[in-house]
Amino acid sequence: MQTETKDHWEKIYETKVETEFSWFQEYPQTSIDFINLFNLSKDAKIIDIGGGDSHLVDALIELGYTNIYVLDISAKAIQRAKDRLGHHAQRVNWIVADITEFTPDVSFDFWHDRAAFHFLTTEEQISRYLTTVSKAIQPSGYLVLGTFSENGPKKCSGLEIKQYSAASMSHLFEQDFKRVKCIEENHATPFNTLQNFVFCSFQKRDKPL
């Protein structure tokens with residue numbers, strides 16, 4: 001399954017330019033708003049899951065963050081981001097990995113995912129993600145997830161996705177995280193359509209419930 005998924009995304013990033021992706025954002029304002037909400041230090045360890053060639057990394061560099069990690073299953077997506085950033089790419093820790101098989105060797109202060117989580121549709125995949133994120137985030141660290149809402153698409157890039165509400169997402173993470181803020185947002189795609197997302201932010205509990 002992982003090999004098929006990786007092949008799917010490698011082909012996507014090999015055959016399309018960024019403005020052909022429904023998720024494309026020239027500037028990820030909502031994600032940056034959450035980062036600003038938590039007043040992270042400039043040396044905070046920040047990871048973007050499914051970051052691919054997202055422009056969040058550009059914004060983080062511009063804001064002066066110095067411990068940036070970007071993970072994606074697609075090596076081609078990572079390479080596109082490196083090519084775009086030029087010499088600034090050396091300031092980023094790049095990770096090519098399937099998030100369900102990722103074992104981080106550092107603890108993060110901020111975990112951001114606007115791309116990967118809603119593609120995990122089986123209980124096993126979701127359970128692996130929960131285990132990884134709970135181990136990977138520092139006590140009192142932050143988690144921000146953006147997924148398609150219950151009013152959003154049911155598929156993306158030819159793949160089934162799992163929709164969430166603020167309530168269902170909060171319930172899933174409540175053992176290890178307390179909810180801080182949830183919002184819904186209509187994302188305008190490059191094709192002049194709207195996709196409804198739900199974003200939720202959480203803070204890691206000092207002790208699980």
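The values are calculated or read from the model by the stated rules, or taken from the named source; none is laboratory data. Because the structure is predicted, anything quoted here is derived from the model rather than measured. Here Cβ is always computed from backbone atoms with ideal geometry, including for glycine, and neighbour counts include all displayed protein chains.
Observations on the structure shown:
- Residues (at pLDDT below 95, crowded, with 23+ Cβ neighbours inside 10 Å and in contact with a strand residue (DSSP E or B) (Cβ under 6 Å, 6 or more places away or on another chain)) located in region 51-97: G51, G52
- Wholly within region 1-100, helices (runs of 4 or more DSSP H) carrying at least 1 residues that are over 23 Å from L159 (Cα atoms): 29-37, 56-63, 75-85
- Note on region 17-31: residues that are in contact with a helix residue (DSSP H, G or I) (Cβ under 9 Å, 6 or more places away or on another chain) and crowded, with 16+ Cβ neighbours inside 10 Å total 6.
- Region 41-50, residues that are within 14 Å of H112 (Cα to Cα) and modelled with pLDDT of 95 or more: A44, K45, I46, I47, D48, I49
- Filter result for S107 (more than 22 Å from Q25 (Cβ to Cβ), polar (S, T, N, Q), surrounded by fewer than 21 Cβ atoms within 10 Å (Cβ to Cβ) and free of Cβ contacts under 8 Å to residues at least 24 places away in the same chain): no
- Within the set L172, L159, the sole residue that is modelled with pLDDT under 85 and either surrounded by 15 or more Cβ atoms within 10 Å (Cβ to Cβ) or more than 29 Å from D105 (Cα to Cα) (or both) turns out to be L159.
- Screening S149, S157, S170 for residues that are in contact (Cβ under 8 Å) with a residue 12 or more places away in the chain and at positive phi leaves exactly one candidate, S157.
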